[in-house]
1. Helices (runs of 4 or more DSSP H) wholly in segment 49-110 with at least 1 residues that are under 25 Å from Asp306 (Cβ atoms) and either free of Cβ contacts under 8 Å to residues at least 40 places away in the same chain or under 17 Å from the mean Cα position of the chain (by Cα) (or both) - which ones?
2. Contact list please: Cβ distance under 6 Å, first residue in segment 360-388 and within 27 Å of Cys58 (Cα to Cα) and assigned to a loop (DSSP other than H, G, I, E, B), second residue acidic (Asp, Glu) and at pLDDT 95 or above, pairs at least six apart or on different chains.
3. Look through Ala3, Ala50 and report the one residue that is under 30 Å from Leu369 (Cα atoms), modelled with pLDDT under 95 and of a type in the set (A, V, I, L, M, F, W, C).
4. What are the pairs with Cβ atoms under 9 angstrom where one residue, in segment 298-320, is part of a helix (DSSP H, G or I) and the other, located anywhere, is at pLDDT 95 or above and of a type in the set (Phe, Trp, Tyr)? Sequence gap at least six, or different chains.
5. Inside segment 189-199, can you point out the residues that are surrounded by fewer than 23 Cβ atoms within 10 Å (Cβ to Cβ) and more than 17 Å from Asp355 (Cβ to Cβ)?
6. Please verify whether segment 360-370 includes one or more residues that are among the aliphatic types (A, V, I, L, M), surrounded by 18 or more Cβ atoms within 10 Å (Cβ to Cβ) and touching a strand residue (DSSP E or B) at 6+ places or on another chain (Cβ under 9 Å).
7. Would you pick out the residues in segment 146-174 that are under 18 Å from Ala15 (Cα atoms) and part of a loop (DSSP other than H, G, I, E, B)?
Amino acid sequence: MPAPTLRTQVGIIGAGPAGLLLGQVLARAGIESVVIEAQSRAYVESRVRAGLMEHDACQQMRDAGVGERMDREGLVHHGIVLRFGGTSHRIPLTDLAGGRHVTVYGQQEVVKDLIAARLADGLPLFFDAQAHAIGAIDTARPTVGFHHDGADHVLECDIIAGADGFHGISRDAMPADMMRVFERVYPFAWLGILAEAPPVSHELVYASHDRGFALASMRSPKITRLYLQCAPDENLADWPDTRIWDELDTRLAGKLTRGPILQRGITPLRSFVAEPMRAGRLFLLGDAAHIVPPTGAKGLNLAFADVHVLSAALVAFFRTGTTSGLDSYSETALRRVWKAERFSWWMTTLLHRFDAYSPFERRMQQAELDYLTTSRAGMTTIAENYVGLPLL
């Protein structure tokens, strides 16, 4: 018996920030979509990932009609702190970047808002739906095969948006002979914790220390998010709570308020770009096409930028039949992707300890940090990139 067939205009694989925002924007433009997500709703709504949104990413949420809770609960930040050599240096983001700012609002909260909006509107969203095949991308009727509720299904659509992350099937469905992959794997990882404790600072603190990098962030006035540079093969069992807090105290040079650790994990760091981001009627968004080390806080924001470019192209296509935006999608998106990759790579190499560095190279890191924090031009470079480059 053949698998049941569904029909829509845009088939979206992945209910992360990119897939859900794309579906929301398209719905407001009167364009149909179906979203397929391999994980459960509970899983995607509890998955702790990025927590910092650029100025324009927040406006995208408002424009999509889902920014009310973000504006009510998000923490607006007008600066960040770089700490090195025993001294803290504030970068006044808003003053240097034309009044723009960033907002701390967890990715899982973004996802909750987008899911709630989609379900409230009665739009199709399939959880626990494992996509296993993408076909006919060079035709006007590409398909997605997926398994849901114990049965196989086929989704027939005009366009497929692959927003299923680094390990999804979308990128693998791109023709191998046209793909180029650029990657750098860093020789360290982040040990991250979520703790029930007030933040050490009202703004993010990036610390470059002889023992390694540390970052103090937050999710709310009562929940703090903290990171330590560690070995990529670090064993979490070797890091009891006391050792984590002691090391954070050392690297951040302050007595942190300690509290129960709610979550902990090891995150490897890599830079990754797959080109192009389009083949036929298949378009890649977010982590399916690119990964950035979290130092620059660009992952969620890059996904949203992809949505901005692709949604405009899709609206033009379905309203007027023009394909110019679709044809230029990959080139347009990649220009911004590579700039964000550059900033994330630069911040990572600037702030982390590299065991292979000579004393000379370590001194160069320190000299660059000293220059950046004593030069208005240097601080402006950080500020402009941190609050977010133009979407186009």
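The values are calculated or read from the model by the stated rules, or taken from the named source; none is laboratory data. All figures in this text were calculated on a predicted structure; none of them were measured in a lab. Neighbour counts are summed over all protein chains in view; Cβ atoms, including those assigned to glycine, are modelled from backbone coordinates with ideal geometry.
1. Helices (runs of 4 or more DSSP H) meeting the threshold: 55-63, 68-73.
2. Matching pairs, first to second residue: Gly388/Glu54; Gly388/Asp56.
3. Ala50
4. Asp306/Phe283; Asp306/Tyr329; Val309/Tyr329; Leu310/Phe283; Leu310/Tyr329; Ala313/Phe283; Ala313/Tyr329; Leu314/Phe283
5. Once the filter is applied, which keeps residues that are surrounded by fewer than 23 Cβ atoms within 10 Å (Cβ to Cβ) and more than 17 Å from Asp355 (Cβ to Cβ), segment 189-199 yields Gly192, Ile193, Leu194, Glu196, Ala197, Pro198.
6. Yes; the residues of segment 360-370 include at least one that is among the aliphatic types (A, V, I, L, M), surrounded by 18 or more Cβ atoms within 10 Å (Cβ to Cβ) and touching a strand residue (DSSP E or B) at 6+ places or on another chain (Cβ under 9 Å).
7. Matches in segment 146-174: Asp149, Cys157, Ala163, Asp164, Gly165, Phe166, His167, Gly168, Ile169, Ser170.
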